[in-house]
Amino acid sequence: MFASPIAPLQDRFGRAIRYLRLSVTDRCDLRCNYCLPKGFNGYEEPANWLSFDEMTRLVGIFAQAGVSRVRLTGGEPLLRHNLPELAARLSALPGVEDLSLSTNATQLVKHAVALKAAGVKRINVSLDSLDKGCVNTITGRDSFDAIMAGIMAGKAAGFEPIKLNMVAMRGVNEHEINRMVAFCLENDFILRLIEAMPMGSTGRNAQYLDLNPVREQLVAEFGLIPEVAELGGGPARYWQTSDGSGRVGFITPISQHFCATCNRVRLAVDGTLYMCLGQEEKFEFAPLLRGGASDAEILTALKSAIELKPERHEFKEQPGKIIRFMSQTGG
């Protein structure tokens with residue numbers, strides 16, 4: 001693609017950008033009450049979605065510039081037709097060392113084997129409870145059985161590790177955290193507890209729970225010790241069981257943010273690159289991709305876009321600042 005090596009992407013605060021979260025659709029078959037409001041229909045028109053050719057070309061440029069980790073997200077990415085085809089194309093790109101997937105798992109039974117064969121190495125699954133009624137209430141659908149079947153299909157297909165993402169909410173599912181830890185330890189899954197972020201009206205209405213006291217309780221209950229090794233290049237801080245057989249991650253964007261080490265950007269399905277979940281800086285790549293720009297011109301634009309990345313979010317200082325929903329940004 002380029003005749004000589006390219007200097008790795010680095011923002012103006014000295015952070016190397018190694019991780020791209022690629023949204024392949026903003027559609028979702030669930031309506032989790034901290035993510036999408038009931039009746040929401042403000043989806044992007046399919047004509048504005050990046051094609052697989054456009055995504056592959058752009059990710060290839062990212063990879064040439066040092067981005068080695070790519071995660072397929074949404075919305076629910078498995079709603080994008082022929083996703084394993086895209087996964088195979090991305091995993092074959094020089095420089096892409098780790099291709100992973102975030103999913104709600106409702107469609108995973110149908111696609112797990114094909115995705116594994118296409119080069120997806122790891123999956124993260126959203127599961128906020130082990131109580132069927134609670135899950136169905138949170139997701140707005142009778143979804144629990146399909147999610148659990150999908151998780152087990154992923155395990156059978158050989159994805160490792162499988163991480164379960166649990167948004168911990170006060171008065172909603174906080175009483176289930178210990179049960180979820182035990183379930184994950186028993187099944188060799190990694191639980192990641194996540195603080196709700198004030199994105200859009202739904203995120204601001206979520207019952208925020210500070211995870212620091214939760215971590216202290218789990219350390220005592222399960223004998224957890226700090227984990228040094230990196231697991232996936234994301235923002236979670238991990239703790240492990242004393243014998244090293246199980247892990248629990250904590251993602252604390254509100255109580256203990258990790259902005260100083262942020263190494264990621266998010267590409268929405270329409271080609272808009274968002275530099276931060278909690279800020280508005282963005283750059284639109286679709287006009288370049290569809291306007292005849294060369295790879296060199298797109299690379300130059302990418303370097304300029306990365307310069308827009310802010311030092312940190314302002315979720316605590318300005319919780320009402322971000323009006324777009326998570327699915328519009330790319331999970």
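Numbers for the structure displayed
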{"read-out": "For the chain, Cys with no neighbouring Cys Cβ under 4.7 Å", "value": "28, 134, 184, 259, 262, 276"}
{"read-out": "Point-to-point label distance, residue 290-residue 148, nm (Cα→Cβ direction, 7 Å offset)", "value": "4.4 nm"}
{"read-out": "Scattering curve values for segment 62-154, log₁₀ I(q)/I(0), Debye with Cα scatterers, q = 0.12, 0.19, 0.24, 0.26 Å⁻¹", "value": "-0.40, -0.84, -1.16, -1.30"}
{"read-out": "Cα Rg, Dmax (largest Cα-Cα span) when computed across segment 205-306, Å", "value": "19.2, 59"}
{"read-out": "Segment 9-66: Cα Rg divided by the 2.2 N^0.38 Å rule of thumb", "value": "1.52"}
{"read-out": "Computed Rg/Rh of segment 1-157, alpha carbon atoms with Kirkwood Rh", "value": "1.01"}
{"read-out": "Share of Cα-Cα pairs in the chain lying beyond 28 Å, as whole percent", "value": "39 percent"}
{"read-out": "Nearest-10 value in Å² for the accessible area of residue 97, using the 1.4 Å probe", "value": "130 Å²"}
{"read-out": "Structure-based [θ]222 nm, the chain - -39500 (n - 2.57) summed over DSSP H runs of at least 4, per residue, nearest 500", "value": "-9000 deg cm²/dmol"}
{"read-out": "Solvent exposure, largest accessible area first (probe 1.4 Å, DNA, RNA and ligands not counted), of 309, 110, 282", "value": "110, 282, 309"}
{"read-out": "Carbon and sulfur %, accessible surface of the chain computed with the full protein complex present, 1.4 Å", "value": "52 percent"}
{"read-out": "The chain: most fluctuating residue of 143, 68, 242 per GNM, C-alpha cutoff 10 Å", "value": "242"}
{"read-out": "Whole-number accessible area per residue in Å² for the chain, which is evaluated in the context of all protein chains at 1.4 Å", "value": "41 Å²"}
{"read-out": "Residue of 33, 104, 187 that the Gaussian network model of the chain assigns the largest fluctuation, springs spanning Cα pairs under 10 Å", "value": "187"}
{"read-out": "Residue of 234, 154, 244 that the Gaussian network model of the chain assigns the largest fluctuation, springs spanning Cα pairs under 10 Å", "value": "244"}
{"read-out": "Cα centre as origin, Lys/Arg/Asp/Glu Cβ charges: the chain dipole, Debye", "value": "180 debye"}
{"read-out": "Cα→Cβ-extended label distance, 7 Å offset, between residue 156 and residue 225, nm", "value": "3.7 nm"}
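The values are calculated or read from the model by the stated rules, or taken from the named source; none is laboratory data. What you see is a predicted model; the values in this text were computed from it and never measured. When we count neighbours, we look across all protein chains shown, and the Cβ atoms used for this are built from the backbone with ideal geometry, even at glycine. Accessible surface is based on the protein model in full, side chains and every heavy atom, while ligands, DNA and RNA are left aside. Shrake-Rupley method; radii C 1.70, N 1.55, O 1.52, S 1.80 Å.
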